[in-house]
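Peer 1: What follows is a structure written as structure tokens; I'll ask about it next.
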Amino acid sequence: MAKRNDGANGSGGKGGSFTGTPADRLIRLWRSNDQRFGVLLDEVLDSGRQPVIEAAIAKLREDESYAFIDEVDAFSETLQRTDSYGDPSTVTLFWLAVEVEGDLTEAPPAEAIERALDSSGLLENAADTRLLPLWLDPEPLAYLEAADRRTLLHRLLASTDEAADFVRKQDLLAPVLPAEETPGPRFVAVVGLVEESDDATAASAEAIPDPLNFGLPQAEEPEIDPAEELRIKEAMAAFSDAVRAADPRVRRCEPIGGLTDLLDFTADEAWQADGELDEVADFLDIASNETADGVIDATVADTVAGLHVRAYDSEGRLLDDRLFTLEGEQAAGALALLKRRCRKVTGA
């Protein structure tokens, strides 16, 4: 977006002045793609001035407001600071979606989760990782404003005790229910922070997608090497297995990314089982369209990350291959679908 002159002498923030309110300044810097937008937004977030952000959103056109909110949310969960060695670093909140069954009297196995993250390679550039050892409820998290997210990051950076006090005052804890009153598996959240040196952050951004956002929609999807895609999926599956082994209440544990990503994930989960089978059907439809006779043969490999399916035409030419993160009854349903649709299925 081209830069525009705004306010007195065509500048704003430090080195110039804007007419209008702080919300007006935020909008003008954002619309002109001025790097001082981040400086001003940091000041607003760190001072807890959520009304300024709300006023800016109210002044924006509807088509602008969604992009603005996304950018504010991203800023609110990230801090630039100097690490213990005096080098610039980036500290970011990250969220884990955890499917649990049973009561939540005992805290999540924070140390086991941290060890699993370290050994998985999902946070290979992390200089420091810290988890808050509390189960959080996604429902009230949906109302956690941008300034509150920044406050949570500051508190967690200071100490887990300060962060725990904050989430209790905000009523973010997941309700603790006796085992006999729990309505089966439910989703809760765990929050943590990860600190990376700015050099490591830049290098990882050029190399592969952030694993915490793996599989989520991005503004510009980078090309992913299939072998690297498989490595990341297997690392996430191994991570989840390690957490399940550490805590029998945990059925699944996945690093998600930002809070907005977490809320989208938990909201859509009710449809994920059928959605995966729909993806298998779509995969077969596309493969079939690439054949002359509509005949498909398939091979299936049951990997730690799910079902790896390869589709071939009647002459043995590879049409496509895909990894589907299915297990248990879902995997059985996918195999049944493959056997109905394909001439033969091997490896099943």
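Peer 1: Do you know which residues across the stretch 124-138 are closer than 22 Å to T266 by Cα and open to solvent by 10 Å² or more (accessible area, probe 1.4 Å)? Before the answer, list the steps.
Peer 2: Of the stretch 124-138, the ones closer than 22 Å to T266 by Cα are 131-138.
Matches in the stretch 124-138: P133, L134, W135, D137, P138.
Peer 1: Follow-up. Do any residues in the stretch 241-254 that are touching a residue at least 24 places away in the same chain (Cβ under 8 Å) and outside any loop (DSSP other than H, G, I, E, B) have Cβ atoms under 7 Å from those of residues that are hydroxyl-bearing (S, T, Y) and open to solvent by less than 50 Å² (accessible area, probe 1.4 Å), where the two are at least six apart or on different chains, and which pairs are they?
Peer 2: Pairs that qualify, where the first residue is touching a residue at least 24 places away in the same chain (Cβ under 8 Å) and outside any loop (DSSP other than H, G, I, E, B) and the partner is hydroxyl-bearing (S, T, Y) and open to solvent by less than 50 Å² (accessible area, probe 1.4 Å), are R252/S240; C253/S240; E254/S240.
Peer 1: Hey, another quick one. Kindly list the number of the only condition in (1) surrounded by 14 or more Cβ atoms within 10 Å (Cβ to Cβ); (2) at pLDDT 85 or above; (3) in contact with a Phe, Trp or Tyr (Cβ under 9 Å, 6 or more places away or on another chain) that fails for L318.
Peer 2: Going through (1) surrounded by 14 or more Cβ atoms within 10 Å (Cβ to Cβ); (2) at pLDDT 85 or above; (3) in contact with a Phe, Trp or Tyr (Cβ under 9 Å, 6 or more places away or on another chain) one by one, L318 breaks only (1).
Peer 1: While we're looking at this one, here's another question. Name every residue in the stretch 55-89 that is open to solvent by 20 Å² or more (accessible area, probe 1.4 Å), assigned to a strand (DSSP E or B) and of a type in the set (S, T, N, Q), in order of residue number.
Peer 2: Result: T78, Q80, T82.
Peer 1: Filter the stretch 165-202 for residues that are at pLDDT below 95 and among the β-branched types (V, I, T) and give the result.
Peer 2: Answer for the stretch 165-202, where residues must be at pLDDT below 95 and among the β-branched types (V, I, T): V176, T182, V188, V194, T201.
Peer 1: Let me ask another. Scanning for something over 18 Å from the mean Cα position of the chain (by Cα), loosely packed, with under 14 Cβ neighbours inside 10 Å and not aliphatic (A, V, I, L, M), does the stretch 114-123 turn up at least one residue? Steps first, please.
Peer 2: Going residue by residue through the stretch 114-123, those that are over 18 Å from the mean Cα position of the chain (by Cα) are 115, 119.
If we keep only those that are loosely packed, with under 14 Cβ neighbours inside 10 Å as well, we get 119.
Narrowing the set further to residues that are not aliphatic (A, V, I, L, M) leaves 119.
Within the stretch 114-123 (the criterion being over 18 Å from the mean Cα position of the chain (by Cα), loosely packed, with under 14 Cβ neighbours inside 10 Å and not aliphatic (A, V, I, L, M)), the answer is yes, since at least one residue qualifies.
Peer 1: Still on this structure: Considering only the stretch 127-138, state which residues are farther than 15 Å from D165 by Cα and touching a helix residue (DSSP H, G or I) at 6+ places or on another chain (Cβ under 8 Å).
Peer 2: Let us first name the residues in the stretch 127-138 that are farther than 15 Å from D165 by Cα, namely 127-130, 137-138.
Matches in the stretch 127-138: A127, T129, R130, P138.
Peer 1: Search the stretch 81-95 for residues that are within 17 Å of D46 (Cβ to Cβ) and of a type in the set (D, E, K, R) and pair each with any residue that is modelled with pLDDT under 95 and open to solvent by 50 Å² or more (accessible area, probe 1.4 Å) when their beta-carbon atoms are under 8 Å apart and the residues are at least 6 apart or on different chains.
Peer 2: Filtered contacts from the stretch 81-95: R81/P88.
The values are calculated or read from the model by the stated rules, or taken from the named source; none is laboratory data. Model, not experiment: these values are computed from the prediction. Note: ideal-geometry Cβ built from the backbone for every residue, glycine included; neighbour counts use all protein chains shown. We work out accessible area using only protein heavy atoms, side chains counted, and drop any ligands, DNA or RNA first. Shrake-Rupley method; radii C 1.70, N 1.55, O 1.52, S 1.80 Å.
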